[in-house]
Every structure is written in structure tokens, then in C-alpha cells.
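The values are calculated or read from the model by the stated rules, or taken from the named source; none is laboratory data. Here the structure is a predicted model, which is why all the values come from computation and not from measurement. Note that each Cβ is placed from the backbone with ideal geometry, even for glycine, and that neighbours are counted across all protein chains shown. Please note that ligands, DNA and RNA were not included when accessible areas were found on the heavy atoms of the full protein model with its side chains. Shrake-Rupley method; radii C 1.70, N 1.55, O 1.52, S 1.80 Å.
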Amino acid sequence: MPKIKPYCTDENWPGRPDCKHCMIRSSVLFAVLTDAEIEEALLAVRNGWHEPDFELFAQGGREGYLYTIRAGCVKMVHAGGGAGRIVRLHWRGEVVGLEALLNEPYRNSAVVLQKADVCRIPVSLVHDLAARNPELSYQIMRQGQVGLDAVESGIADLNSGGAETRLARLLLKLDAHSDGKCIPDLRREDVAAIIGVTTETASRLMADFCRRKLVWKEENRELRCDAAALKKLV
């Protein structure tokens, strides 16, 4: 995994994460490991920043890795019957690729949507650590449940109601994960794929939201949104 800029890695070993000092260690897969187990894991885990459109893994692949998201957003894209559909979004603290633990092919492709800081973890390492630390097995099941909850929430929030309501919900979701910063100005085809409309409809709705000052662009071309006003649409 290419290293774009330092984050919490040892510069003498590019790509090696410093899990012991990770700001989100309590919420990611290795939260239950001891410091000694973390030190062992560092030998195999690789960390890196990735720009939008970088593919972590492809649908149907069997590379044998899990990925934890430390920052940014990753979209899960399912190919079948035409253009790929974005079926789920994953954020900081979540894990993608859990099906690899069962030696199953990836059900969707994982593609960076918003610049993301990601750790790549070999499945063989997870199995070895889980055999010695039963709590890790529980953490894996917990992450699986988080994924199921995300699917249910995504279906309920972004695939029901009118197109305007779905767009407002998407923008509010992006804002909730922004830590008070700008939200990404997603490509209109991504917006369309997430909320289930055509690209033309997504473009028209975003232009309308901009005219109504529900969202606006900053100088860096990222977006700010009026969360209070958006909530009135949902």
C-alpha cells in the first residue's frame, strides 16, 4: 500500500502503523489486544493514505486481507446488471472485507470515496491472534454486526422517501462523520448511485440545494451544509 504522507508511522519503516498510539484503537478490530500482541501484529499490518477511487479490493477477489478505516470513507460497490451500485458506506473505526475470514470471495468492491487512512491486516494474522485471544473473536463478531446495522440503516435512510429527502439524509450523514469539517463534494454519479436516482437527477437536486443555500462550496471546493435546514427535509 503506497504511503502518501506520515500519519502515525515509524519513518524508518514506511507503512508500519503505531497501533498502540492510534487515536481510534478502542473502536477498531485490535481494541482487545495487549501491547505485546499489538507489537507482533505490527510486523504484518500495513498503513497508508489513499485518494478517492483507489480500490482496496475487487468484488470476487480472494486476497486474504481485512481493512480497518482510520479516517475518511470507503464505498462498497456491487457490480451486476449494468453500472455498479453503491450498497454501503464505511467510516472511521469500521472494518471491511470480513468475508475473507471465512475464505469467501469479497461480495463487493471496496473503493475509497473520501480520502482515507487505511490499515491492511492479513487474515492469517487475525486467525492466529484469535486462537490465542478469544476476545478478538468477539470483536470480529461485533464488527460484523456493525456492518449489518449499517446495511439496515442505509436501506432505511437512503432508499426510502423522495429523492430530495434521500439527498438531505446523505448530506446529513456525511456531515455527521466530518468532525465539524467540510464534507466532500461527491461526484454526481456517486450521489446518484448512493440514493438510487439518475446522475441527471442528482445534479439537478444538488444545484437546487446550492441555490437554496442548503449547501455551499468553500474556497477549497469542499462543501459546507446547513444541517438544521436539511433536517427539516427529512
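Annotation: amide H of C182 has no partner in the under-5 Å range at sequence separation 5 or more or interchain, hydrogens built in the peptide plane.
Legend: calculated FRET efficiency, R187 to A36, from the Cβ-Cβ distance at R0 = 41 Å, rounded to 0.05, equals 0.40. Take the Cα of N103, go 7 Å toward its beta carbon, and the backbone nitrogen atoms of region 113-142 under 13 Å from that spot belong to 124. Per residue, region 39-139 exposes an accessible area of 42 Å² to a 1.4 Å probe, with every protein chain left in place. The string of couplings for region 97-112 from the Karplus curve (6.51, -1.76, 1.60, θ = phi - 60°) is x, 4, 4, 5, 5, 9, 6, 9, x, 4, 6, 9, 8, 9, 10, 5 Hz, one whole number per residue in order, with x for Gly and Pro. Amide H contacts of R46: R120, each under 5 Å away and 5 or more positions distant or on a separate chain (H built 1.01 Å from N in the peptide plane; Pro and chain starts excluded). Sorted on the mean count of surrounding Cβ atoms within 10 Å across their residues, most packed first, peptides 58-65, 72-79 read 72-79, 58-65. When each of the peptides 123-131, 90-98 is scored by how many other beta carbons lie within 10 Å of its residues on average, the order from highest to lowest is 90-98, 123-131. Here the Kirkwood formula, the inverse mean of 1/r across different C-alpha pairs, assigns region 182-225 a hydrodynamic radius of 10.6 Å.
Taking GluC sites (Glu not before Pro) across region 172-234, the ones in a DSSP loop with at most 16 further Cβ atoms lying within 10 angstrom of their Cβ are E218, E219, E222.
Applying 1/(1 + (r/R0)^6) with R0 = 25 Å to the Cβ-Cβ distance of E218 and E55 gives a FRET efficiency near 0.30.
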